[in-house]
Each structure stands twice: as C-alpha cells, then as structure tokens.
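The values are calculated or read from the model by the stated rules, or taken from the named source; none is laboratory data. As the structure is a computational prediction, the values presented were derived from the model and not from experiment. FYI the Cβ positions are ideal-geometry reconstructions off the backbone, even for glycines, and counts take in every protein chain you see.
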Amino acid sequence: MAFFKYTLIRAVLFLAFFLIAYLVLHLSDMTSALLAALCAFVVSFLFLRKQRDGATSVIADRFAPNATTTQSSGAMADADAEDALVDENPDIWVDADRKSSREPEQA
C-alpha cells in the first residue's frame with residue numbers, strides 16, 4: 001500500500017506540473033514533460049521522505065524478505081559498544097548521526 005500511495009502522489013505531482021507547463025506556460029510536449037519530471041522529483045525528494053522510506057521498505061521486504069543488515073561487522077560492533085555505554089551510563093548522550101562541532105585545529 002505504501003508503494004502504491006507514493007507512486008500515486010508522484011504521478012499526481014507529475015500531471016499537475018505537466019499541465020501547468022503545457023497549458024499555462026505554453027511549452028512544448030517534451031519540454032513540459034521534462035520540466036514536470038524534474039519538478040516532481042524535487043518536490044518528492046524534499047517533502048515525501050516518509051512515503052519514500054515506506055515504499056522502499058515494501059520493495060525490500062518483497063524482494064529480499066530474509067535479508068540481513070548491510071552494515072559491516074565493524075559498524076555493528078561499534079553500535080553495540082555505543083548501546084552498552086548508554087545502557088551503563090544513562091547520563092551520557094550519544095548522537096552518532098551528527099558531525100563533531102569542533103573546528104579542525106590549524107597547523
């Protein structure tokens with residue numbers, strides 16, 4: 001259902017942008033289609049992340065239901081170490097998704 005919903009939203013976006021480009025801006029068929037595809041891509045990339053992730057998970061489950069994680073063993077060990085640190089010390093907060101806010105030292 002998530003894949004169908006995401007596809008339908010993208011198709012409606014494409015159709016809306018195509019009609020605007022073709023009827024309002026009076027562009028040619030091919031130019032309108034290219035512009036509509038580009039605009040639909042940008043809008044869906046910026047604003048439809050939740051729907052895209054849902055569609056991706058449906059596709060992944062459909063084609064590889066027994067797939068394991070794609071992380072390396074080193075990354076898994078690092079994640080386990082971080083989890084253990086947080087479990088042992090609830091006052092420590094780990095945000096591994098962010099880069100360090102420190103500026104690199106000047107030589």
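Of all the numbered requirements in (1) exposed (fewer than 12 other Cβ atoms within 10 Å of the Cβ); (2) assigned to a helix (DSSP H, G or I); (3) modelled with pLDDT of 95 or more; (4) not hydroxyl-bearing (S, T, Y), K50 misses one, and that requirement is (3). Of the residues screened, D87 is not one that is surrounded by 10 or more Cβ atoms within 10 Å (Cβ to Cβ), out of contact with any strand residue (DSSP E or B) (no Cβ under 6 Å at 6 or more places or on another chain) and at pLDDT 80 or above. Of all the numbered requirements in (1) surrounded by 11 or more Cβ atoms within 10 Å (Cβ to Cβ); (2) of a type outside the set (K, R); (3) at pLDDT 90 or above, M76 misses one, and that requirement is (3). In the range 21-46, of all residues being surrounded by 15 or more Cβ atoms within 10 Å (Cβ to Cβ) and polar (S, T, N, Q), the one that is nearest to L8 (Cα to Cα) corresponds to S44. Criterion applied to F14, F18 was being buried (at least 16 other Cβ atoms within 10 Å of the Cβ), touching a residue at least 24 places away in the same chain (Cβ under 8 Å), more than 20 Å from M1 (Cβ to Cβ) and among the aromatic types (F, W, Y), and the one residue passing it is F14.
Of all residues assigned to the range 35-55, none qualifies as being more than 30 Å from A21 (Cα to Cα) and more than 10 Å from the chain's Cα centre (by Cα). Looking across the range 53-78, the residues that are among the aliphatic types (A, V, I, L, M), assigned to a helix (DSSP H, G or I) and under 29 Å from F3 (Cβ atoms) come down to A55, V58, I59, A60, A75, M76.
Filtering A64, A55, A40 for residues that are in contact with a Leu (Cβ under 8 Å, 6 or more places away or on another chain) and at pLDDT 80 or above leaves a single hit, A40.
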